[in-house]
1. Of the conditions (1) modelled with pLDDT under 80; (2) more than 26 Å from Glu254 (Cα to Cα); (3) of a type in the set (Ser, Thr, Tyr), Thr352 satisfies every one except a single condition; which number is it?
2. Sort out which residues of region 240-253 are open to solvent by 50 Å² or more (accessible area, probe 1.4 Å) and among the small types (Gly, Ala, Ser), and write them in order of number.
3. Six or more apart or on different chains, Cβ atoms under 8 Å: show the pairs whose first residue is in region 112-139 and part of a loop (DSSP other than H, G, I, E, B) and whose second is not charged (D, E, K, R).
4. In region 334-374, which residue that is under 21 Å from Leu414 (Cα atoms) and in a loop (DSSP other than H, G, I, E, B) is most open to solvent (accessible area, probe 1.4 Å)?
5. Go through (1) out of contact with any strand residue (DSSP E or B) (no Cβ under 8 Å at 6 or more places or on another chain); (2) exposed (fewer than 13 other Cβ atoms within 10 Å of the Cβ); (3) not in a loop (DSSP other than H, G, I, E, B) one by one and return the number of the condition Ala230 breaks.
6. Quick one: Leu391 ticks every box in (1) in a strand (DSSP E or B); (2) surrounded by fewer than 16 Cβ atoms within 10 Å (Cβ to Cβ) except a single one, so which number is it?
7. Here is a list: Ile292, Ile256, Ile225, Ile237. Which entry is surrounded by 13 or more Cβ atoms within 10 Å (Cβ to Cβ) and in a helix (DSSP H, G or I)?
8. Which of the numbered conditions does Val380 fail, given that it passes all the others? Conditions: (1) assigned to a strand (DSSP E or B); (2) closer than 30 Å to Asp287 by Cβ; (3) without any contact (Cβ under 8 Å) to a residue 40 or more places away in the chain.
Amino acid sequence: MPTRHTTNACAILQKALSKRRRTQPHFFGSSASERGSPHALAASAEAMRRSRVFVYGKLRAPNHSRRLEGLRERSSVGSASRLSVADRKKTVANGNSDGYRGEYQFEQGRKLPLDEALRQLRSREAELARVQRIGQIGGLEVDLREGAFRNKRSPEYLAVHGLPPEAADETHEAWVARIHPEDRERVVSHFHRSVFGSDSEYEAEYRIIRPADGELRWILAKAEIQRDDAGKPMKLIGAHIDITARRTAEEQRELIARELQHRIGNIFTVIGSLISMAAREEPAAADFAQEIVGRISALSRAHSIVLKKVGDHAPDILSELIGRLVAPYNGGGKSRIEVHGDKVEVGQSSSTAIALVFHELATNAVKHGALSTNAGKVRVTVRAAGERVLLRWEEQGGPTIVSNPQRQGFGSLLVDRAAKSQLGARMEFDWRASGLVAEIEMAAAKLAA
């Protein structure tokens, strides 16, 4: 994306190049007869520094010590590099600038004239602009001084927003008007809080309506806010990314999840109805059937926990979530699985993995562990430890464990993968004689996502 700095740099370099061709045809030569203006050279070097092009310059004079040095640094963009001036000394003795010889060294030690440096600068600008067009990313710069919003939009930004070239300096009000009416108040208030608060970063997702074609697009805005020593906002530099394809895919997944929830809920209802119908034929089994139906209903509610608010990213409390997940195993007025611990938030995306983990642990406890006997119990503990969260599943009162399992079943393998990939968790299983103790450790930030 050609920025204001790089555009100015090209203009300055071109002006210096034109002046060289008119007055000093061999300014950057090597013979003692070649002459050049140190002021023009300094201006060119400063322009290269601003445009972040790697250059190493050194001036020599027969009778005076004059030097301009730069250190090579890698740019965050990738192949492009920038000049960081470490020591810039400009001393002109007696006002005499004769006898200067200059040479510029670009990349891998190659020495290039000024016109080649200009060509390299423009080539790198074009390469960066191409990358941004491919990624549907547009750059922007906002002057925040004195509470004003003076905008500079890149050509790639204009393409993302469907704007004409003359909108490069659009007003703040024009941007606000482009935001979808349902998102406008939320986005604008968040922007003002970030700028006039103390934030150094700004991020938001919202919809826009493109003026060019009326099309609705999703935008991810990410920026850095530069402030002075007093904390006042000076400048916002960032990018707008078109994430319409990603949001469309998310909406499709949500639609499928809702349909799946509806169908599975119907299956649980049908099973409960079949059991109730069969119980009417056998009055002696009515109490037993009622208990089974109650447990099936609890299992249905546990299954709907993750999907009941598809699209709602409000966090849940981990201990409460686990309590609802294991509710089907606490039927008959007995508390077979007890949940205790700290108040820790869990996000919707992590809830699925948590549900898989505890469903597998509870199933194994019913088949082989503590819940396979009348006296067996399970204690679940949630503990917050700084930036980490520790979960402990401890079984007691079940069959005596003689040795560790010889192989890992499909359910255990699924749980292990879900915990590692979705939660970034570390799982440990201790097969004690008194019962299984499973410990899960994960990052609190990952869990709340």
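The values are calculated or read from the model by the stated rules, or taken from the named source; none is laboratory data. The structure presented is a predicted model; accordingly, all values stated were derived computationally and were not measured. Here the Cβ is made from the backbone with ideal geometry for all residues, glycine too, and neighbour counts use every protein chain on show. The protein model used for the area step is the full one, side chains on, heavy atoms only, and it has no ligands, DNA or RNA in it. Shrake-Rupley method; radii C 1.70, N 1.55, O 1.52, S 1.80 Å.
1. Only one criterion is unmet by Thr352, namely (2).
2. Ala245 - this is the single residue of region 240-253 that is open to solvent by 50 Å² or more (accessible area, probe 1.4 Å) and among the small types (Gly, Ala, Ser).
3. Leu112/Tyr104; Leu112/Gln105; Leu112/Phe106; Leu112/Gln120; Pro113/Phe28; Pro113/Tyr104; Gln136/Val160; Gln136/Ile241
4. Residues of region 334-374 under 21 Å from Leu414 (Cα atoms): 346-369.
Remaining after also requiring in a loop (DSSP other than H, G, I, E, B): 347, 368-369.
Details: Gly347: 2, His368: 130, Gly369: 13 Å².
Per the stated criteria, the residue is His368.
5. Answer for Ala230: the failing condition is (3).
6. Against the list (1) in a strand (DSSP E or B); (2) surrounded by fewer than 16 Cβ atoms within 10 Å (Cβ to Cβ), Leu391 comes up short only on (2).
7. Exactly one of Ile292, Ile256, Ile225, Ile237 is surrounded by 13 or more Cβ atoms within 10 Å (Cβ to Cβ) and in a helix (DSSP H, G or I), namely Ile292.
8. (3)
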